[in-house]
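Student: My structure is below; once you've seen it, I'll send some questions.
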Amino acid sequence: MATREKLDLSTWARKEHFDFFNTFEEPYHGVCVSIDCTAAYRFVKSAGVSFFLYYLYQSLAAAQTIPAFRYRIEDGEVFLYDTINAGSAIDRADGTFGYGLLPYRESFDEFLAVANLEVARVRNATGLTRTTTNNLIRYSVLPWTDFTSLSHARAFSKPDSCPRITFGKVTQHGDHRKMPISIHVHHALVDGREVGQYLETFQNLMNSR
């Protein structure tokens, strides 16, 4: 079970930034970039495992290393979680999708085992039940589209501070394969610098095989 630590906002270096952006009707900012997934794609094909679950795992692994991606706003306070999981849309055979909760594990094999069970559960269920926990990243996948920009549907009346990450279509570029990724984060918690750190870490992990 994840644990959390409450930040002392009075001594937080970002207190004024938090107070400023936390009043915005739309506090999220985002970027769309292209990730090189050549090594990762080659690995999953040789190993016979899901590319979706592999890059989801590496995305989560990158998020664990960036404290700003583990901050959440709850009842006006900021908490730092020790572990962040994946709340992801999962496709179904009838053309719809459901939401699954895929817990982070340090090793890919352990993550894959529990993730496969959750994917199977969602695909054999109906409805749009979604977890209410905050220690997650909200993931979506658009494998049909090599997008260069992206926006999200959002209920502004419901407070939320979880990052949103969306992956797109893998395309071939000579000897390389690339994939678009969209990242939207709450500006009261995450600045552009941390987004850059996350992307660099994620790319290094995707290159590691």
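Student: List, please: which pairs have Cβ atoms under 6 Å, are six or more places apart or on different chains, and start with a residue in the range 111-125 that is under 9 Å from G100 (Cβ atoms) and end with one that is of a type outside the set (D, E, K, R)?
Tutor: A115/L53; A115/L102; E118/G100; E118/L102; V119/I90; V122/I90; V122/G98; V122/G100
Student: Return yes when L128 is among the aliphatic types (A, V, I, L, M) and either at pLDDT 95 or above or surrounded by 12 or more Cβ atoms within 10 Å (Cβ to Cβ) (or both) and no when it is not.
Tutor: No; evaluated as a whole, the condition is false for this residue.
Student: Say whether the condition of being under 21 Å from K169 (Cα atoms) and in contact with a strand residue (DSSP E or B) (Cβ under 8 Å, 6 or more places away or on another chain) is met by at least one residue in the range 58-69.
Tutor: Checked the range 58-69: at least one residue is under 21 Å from K169 (Cα atoms) and in contact with a strand residue (DSSP E or B) (Cβ under 8 Å, 6 or more places away or on another chain).
Student: Can you tell me which of F97, F111, F69 is over 16 Å from R138 (Cβ atoms) and surrounded by 14 or more Cβ atoms within 10 Å (Cβ to Cβ)?
Tutor: Only one candidate qualifies: F111.
Student: Condition first: over 24 Å from S34 (Cα atoms) and surrounded by 14 or more Cβ atoms within 10 Å (Cβ to Cβ). Can you find one or more residues in the range 132-140 that meet it?
Tutor: The answer is yes; a qualifying residue exists.
Student: Here are the criteria: (1) surrounded by fewer than 15 Cβ atoms within 10 Å (Cβ to Cβ); (2) modelled with pLDDT of 95 or more; (3) not in a helix (DSSP H, G or I). Tell me which single one G30 does not satisfy.
Tutor: The number of the failed condition is (1).
Student: Taking the range 176-209 only, how many residues are in a loop (DSSP other than H, G, I, E, B), out of contact with any Ser or Thr (no Cβ under 7 Å at 6 or more places or on another chain) and not β-branched (V, I, T)?
Tutor: 6
Student: Taking the range 70-127 as the region of interest, how many residues are among the β-branched types (V, I, T), within 16 Å of Y55 (Cα to Cα) and assigned to a loop (DSSP other than H, G, I, E, B)?
Tutor: Final tally of qualifying residues: 1.
Student: Under 7 Å by Cβ, and 6 or more places apart or on different chains, what pairs join a residue from the range 73-84 that is at pLDDT below 95 with one that is in a strand (DSSP E or B)?
Tutor: none
Student: Write out, first by first residue and then by second, each pair whose Cβ atoms fall under 6 Å of each other, whose residues are 6+ apart or on separate chains, and whose first residue, in the range 1-16, is farther than 18 Å from Y104 by Cβ while the second is modelled with pLDDT under 95 and of a type in the set (A, V, I, L, M).
Tutor: From the range 1-16, no pairs qualify.
Student: Quick one: S161 ticks every box in (1) in a loop (DSSP other than H, G, I, E, B); (2) hydroxyl-bearing (S, T, Y); (3) within 18 Å of I90 (Cβ to Cβ); (4) in contact with a strand residue (DSSP E or B) (Cβ under 6 Å, 6 or more places away or on another chain) except a single one, so which number is it?
Tutor: (3)
Student: Given the conditions (1) in contact (Cβ under 8 Å) with a residue 12 or more places away in the chain; (2) surrounded by 15 or more Cβ atoms within 10 Å (Cβ to Cβ); (3) assigned to a helix (DSSP H, G or I); (4) not acidic (D, E), report the number of the one that R42 does not fulfil.
Tutor: (2)
Student: Continuing with the same structure: Just to be sure I understand, how many residues within the range 3-56 are more than 26 Å from S182 (Cα to Cα) and touching a strand residue (DSSP E or B) at 6+ places or on another chain (Cβ under 8 Å)?
Tutor: 7
Student: Also: Exactly one condition in (1) within 19 Å of the chain's Cα centre (by Cα); (2) within 20 Å of Q203 (Cβ to Cβ); (3) of a type outside the set (V, I, T) is not met by K45; state its number.
Tutor: Of the numbered conditions (1) within 19 Å of the chain's Cα centre (by Cα); (2) within 20 Å of Q203 (Cβ to Cβ); (3) of a type outside the set (V, I, T), the odd one out for K45 is (1).
Student: Quick one: is G174 free of Cβ contacts under 8 Å to residues at least 40 places away in the same chain and at positive phi?
Tutor: Answer is yes for this residue.
The values are calculated or read from the model by the stated rules, or taken from the named source; none is laboratory data. All values derive from a computational prediction rather than experimental measurement. Here Cβ is always computed from backbone atoms with ideal geometry, including for glycine, and neighbour counts include all displayed protein chains.
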